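Where a number appears in this text, it was derived from the coordinates with a stated rule and is not lab data. Note that the structure is a prediction, hence the values are computed from the model and not measured. Here Cβ is always computed from backbone atoms with ideal geometry, including for glycine, and neighbour counts include all displayed protein chains.
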Amino acid sequence: MKILAFLTVEYPVGGLQKTSDLLPKVLAYFIRLKKRGHDIVLVMPSPLGTKYGYKNEFDIDIYTMPRTKFVLFRYFGLVNIFKKADVIFVMDDHWGALFAVFMKHFFKIPYAHHHCFPMEIEGERIAVLENTKLPLNRYIKSKLHHFIIYFSMKRADVIFAISKYRGERITRRGIPPENIVVLSPGTDITLFNSDTSGEEVRKKFALNNKKVIVCVTSIAKFRKPEILLEIAAYLKKYIKDFVVLIVGFGIFEDEFRKLIKKEGLEKEVILTGRVSHKDVPGFIAAADVALSPVPPDELYIDCAPNKIFEYLSMHKPIVASRVPFHEEMVERTGCGLVVPFKAEAFGDAIIEIFNELDNKKTFCHKNIEEFSYEKRVDTLESVFKKLVSKKI
């Protein structure tokens with residue numbers, strides 16, 4: 001099978017080996033599909049300020065495109081190459097989605113759409129990211145992107161939703177439920193595994209005699225990371241020798257560091273900054289408890305955070321906020337506790353888990369294979385084959 005995929009994750013300066021925190025999770029699908037004998041062509045945004053380009057890495061053809069309203073015309077210029085695809089896979093790229101509709105109509109190429117982000121509130125997300133009111137032109141642009149995505153998804157052969165709850169959301173927008181397949185995130189269970197040592201991280205940050213609470217997250221305002229400081233301040237009243245280890249970086253990072261200092265939590269909170277994806281398991285391994293404080297708002301209410309699968313694969317007890325996906329995973333695995341998105345609730349749950357750990361209770365989900373990228377690729381491959389067989 002020849003699979004043409006449109007991604008929203010930017011091609012990194014220096015090549016795919018210089019990946020961001022998100023890109024390895026996206027590439028995982030395509031590298032595994034390639035190993036199974038399929039031909040892969042990726043279309044990705046190019047680094048800012050660069051021109052159109054072509055690369056071949058991991059034996060995968062990659063076309064890089066500037067982020068511009070004229071990119072759609074470039075897609076049409078490559079029709080003679082792209083029309084050789086057996087299936088088109090779009091990961092929430094609006095121009096790629098519109099192009100996929102065109103290719104389906106004129107060349108009968110099946111179109112599969114992977115829906116990750118609730119496009120109807122894209123404008124709100126941009127405004128929060130930039131800490132400003134959304135200008136009229138950006139608001140209109142946001143609504144246009146939203147229209148294009150839903151216009152295209154209604155014409156897709158299949159839609160992969162990151163959770164059944166996201167699937168329910170888009171069904172309410174007129175997407176036929178029979179076209180939806182749940183494809184929640186997975187993880188590399190050979191990288192994220194319980195045999196990984198956290199000793200190097202514990203030594204580096206002087207954590208050897210402390211209880212460590214880890215949270216892998218982006219430091220962005222719309223994620224409301226301030227709750228982690230509120231949790232640390234609450235725990236400070238009740239337990240000694242603990243650290244909240246925040247693994248991540250983001251647009252809010254400098255301001256967040258100032259907030260840590262302002263709240264007098266320099267000893268209780270460590271913000272690592274950017275960490276390579278391959279090094280994240282060491283930070284999780286160094287921890288006793290893992291957190292997933294997802295705000296229960298319209299942006300995240302039906303999300304499926306990657307970090308849950310990484311924590312589970314490393315057998316870490318989890319304290320997570322009360323959103324449907326967290327509730328589902330904790331019920332399925334018995335891996336921890338789900339609580340309201342409040343510092344006191346998180347703090348009490350962390351203390352409860354520490355007490356259980358002191359009493360030698362273990363938190364271990366044995367069937368970690370079900371969270372693997374291989375299982376996710378099994379689903380992708382099966383659906384793609386069905387689409388191609390219908391085309392023939």
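Taking the DSSP beta bridges in the chain as the whole, what percent of them are antiparallel, to the nearest 5? Taking every DSSP beta bridge with both residues in the chain, the antiparallel ones total about 10 percent.
Could you work out how far helix 226-235 tilts from the main Cα principal axis of the chain, as a 0 to 90 degree angle to the nearest 10? Result, in degrees: 20. Among ASN367, THR333, PHE58, whose Cα sits farthest toward the positive end of the charge dipole of the chain (+1 at Cβ of Lys/Arg, -1 at Cβ of Asp/Glu, about the Cα centre)? Farthest towards the positive end: PHE58.
Only DSSP H runs of four or more residues enter the estimate; each adds -39500 (n - 2.57), and after division by the residues of the chain the mean residue ellipticity at 222 nm equals -12000 deg cm²/dmol. Rounded to the nearest 20, the Cβ-based charge dipole of segment 199-368 about its Cα centre (Lys and Arg +1, Asp and Glu -1) stands at 540 debye. Derived scalar couplings between HN and Hα for segment 256-266 equal 5, 4, 5, 5, 4, 5, 4, 7, x, 10, 4 Hz in order, rounded to whole Hz, by the Karplus curve 6.51 cos²θ - 1.76 cosθ + 1.60 (θ = phi - 60°), x for Gly and Pro. Comparing ILE81, ILE149, ILE270, which has the greatest mean-square fluctuation in the GNM of the chain with Cα pairs linked when under 10 Å apart? Of ILE81, ILE149, ILE270, the Gaussian network model singles out ILE81 as fluctuating most. Working from Cα pairs under 8 Å separated by at least six residues, relative contact order for the chain is 15 percent. Based on other C-beta atoms within 10 Å, arrange ILE308, ILE31 from fewest to most. The most exposed by this proxy come first: ILE31, ILE308. Based on alpha-carbon centroids, what's the gap between segment 283-299 and segment 178-233 in Å, whole number please? Value for the Cα centre distance between the two parts: 6 Å. Remark: segment 329-335, residue by residue, has Karplus-estimated 3J(HN,Hα) of 5, 5, 5, 5, 10, x, 8 Hz, where x stands for each Gly or Pro and the curve is 6.51 cos²θ - 1.76 cosθ + 1.60 at θ = phi - 60°. Between LYS83, LYS240, LYS108, the Gaussian network model of the chain with springs among Cα atoms under 10 angstrom shows the greatest mean-square fluctuation at LYS240. Residues ASP348, ASP241, arranged from fewest to most other Cβ atoms within 10 angstrom of their Cβ, appear as ASP241, ASP348.
Note on the chain: with charges restricted to the Cβ of Lys and Arg (+1) and Asp and Glu (-1), its dipole about the Cα centre is near 1200 debye.
Remark on ARG322: its backbone amide H falls under 5 Å from those of VAL339, PHE341, a criterion applied only to residues 5 or more positions apart or on other chains, H modelled at 1.01 Å from N.
Under 5 Å between amide hydrogens, built in the peptide plane, is the criterion, and for GLU57 it picks out ILE62 among residues at least 5 positions away or on other chains. For VAL269, the amide hydrogen comes within under 5 Å of the amide hydrogens of VAL244, counting only partners 5 or more places away or on other chains and with H modelled in the peptide plane.
Residues considered: SER197, SER276, SER382. Largest GNM mean-square fluctuation over the chain, using C-alpha springs under 10 Å, is found at SER382. Taking the charge dipole of the chain about its Cα centre, with +1 at Lys and Arg Cβ atoms and -1 at Asp and Glu Cβ atoms, the residue from PRO317, THR171, TYR111 reaching farthest to the positive side is TYR111. Between the residues SER218, PRO281, ALA345, the greatest Cα displacement towards the positive end of the dipole of segment 199-368, with unit charges on the Cβ of Lys, Arg, Asp and Glu, is found for PRO281. The phi torsions of segment 148-157, fed into the Karplus equation with coefficients 6.51, -1.76 and 1.60 and a -60° offset, translate into couplings of 5, 4, 6, 4, 6, 4, 5, 10, 6, 6 Hz, rounded to whole numbers, with Gly and Pro shown as x. Extents of the chain, taken as max minus min of Cα coordinates on every principal axis and listed largest first, are 66, 47, 42 Å.
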